[in-house]
């Protein structure tokens with residue numbers, strides 16, 4: 001007696017997703033992988049924290065010049081370390097070594113390298129650095145969209161601003177003021 005089981009292929013279909021395990025990346029983690037959008041959002045968050053530290057260090061120079069300089073050096077070193085960690089995690093998503101993150105320190109080349117990190121898709125599934133990051137949540141997507149939206153808004157405001165250097169129609173241009181030389 002043969003019975004036709006309609007569910008016999010179910011386990012075979014599930015095997016194709018076995019390597020699709022994901023993990024939830026954390027902001028302050030040193031290890032793991034970061035996808036493009038999460039990398040951009042985390043980088044913006046880390047930059048904001050770094051700029052706040054720099055602002056506090058500059059404010060501290062009013063009380064003590066030495067304290068301000070020390071705090072400024074600490075803030076810059078923390079920003080550098082944070083940048084290298086974020087870039088290293090993004091490189092892990094691309095299945096590349098973290099040592100390549102040092103290229104971000106090379107002048108001019110770092111712009112191209114940064115664009116590569118933002119535009120290159122990560123490896124699908126598990127790679128030698130771990131599981132694929134989970135899908136981005138709403139918060140990550142909103143944070144990643146804030147800066148491009150602000151840039152576009154800034155450009156539109158700049159275009160819409162009237163140009164006050166040219167005289168209005170119907171009014172003569174003011175003669176140039178030549179300062180007199182004093183002896």
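Taken together, the values in this text are just the output of simple stated rules run on the coordinates, not laboratory data. Everything quoted here is computed from the prediction, not taken from an experiment. Neighbour counts are summed over all protein chains in view; Cβ atoms, including those assigned to glycine, are modelled from backbone coordinates with ideal geometry.
Binning the C-alpha pair distances of the range 46-119 at 5 Å intervals from 0 yields a P(r) profile of 3, 16, 20, 19, 14, 11, 9, 5, 2, 0 %, listed from the shortest bin outward. Neighbour counting of Cβ atoms within 10 Å sorts the residues 115, 71, 44, fewest neighbours leading, into 115, 44, 71.
Annotation: the range 120-165 has a Kirkwood hydrodynamic radius of 14.2 angstrom, from the mean reciprocal C-alpha pair distance.
The smallest convex shape that holds all Cα atoms of the range 82-132, its convex hull, gives 64 Å³ per residue.
Note on residue 158 and residue 56: their simple-model spin labels are 3.2 nm apart, each label 7 Å out from Cα toward Cβ.
Neighbour counts of other Cβ atoms within 10 Å put 64, 47 in the fewest-to-most order 64, 47. In terms of the mean number of neighbouring beta-carbon atoms within 10 Å, the peptides 32-43, 73-84, 146-157 order highest first as 32-43, 73-84, 146-157. Over the C-alpha trace of the range 21-158, radius of gyration and Dmax come out as 16.9, 53 angstrom. Using R0 = 45 Å, the C-beta based FRET efficiency linking residue 177 and residue 28 works out to 0.20. A simple spin-label model places the labels of residue 96 and residue 149 3.1 nm from each other, with each point 7 Å out along Cα-to-Cβ. Grab the beta carbon distance between residue 111 and residue 138, set R0 = 41 Å, and tell me the FRET efficiency rounded to 0.05. That gives a FRET efficiency of 0.85.
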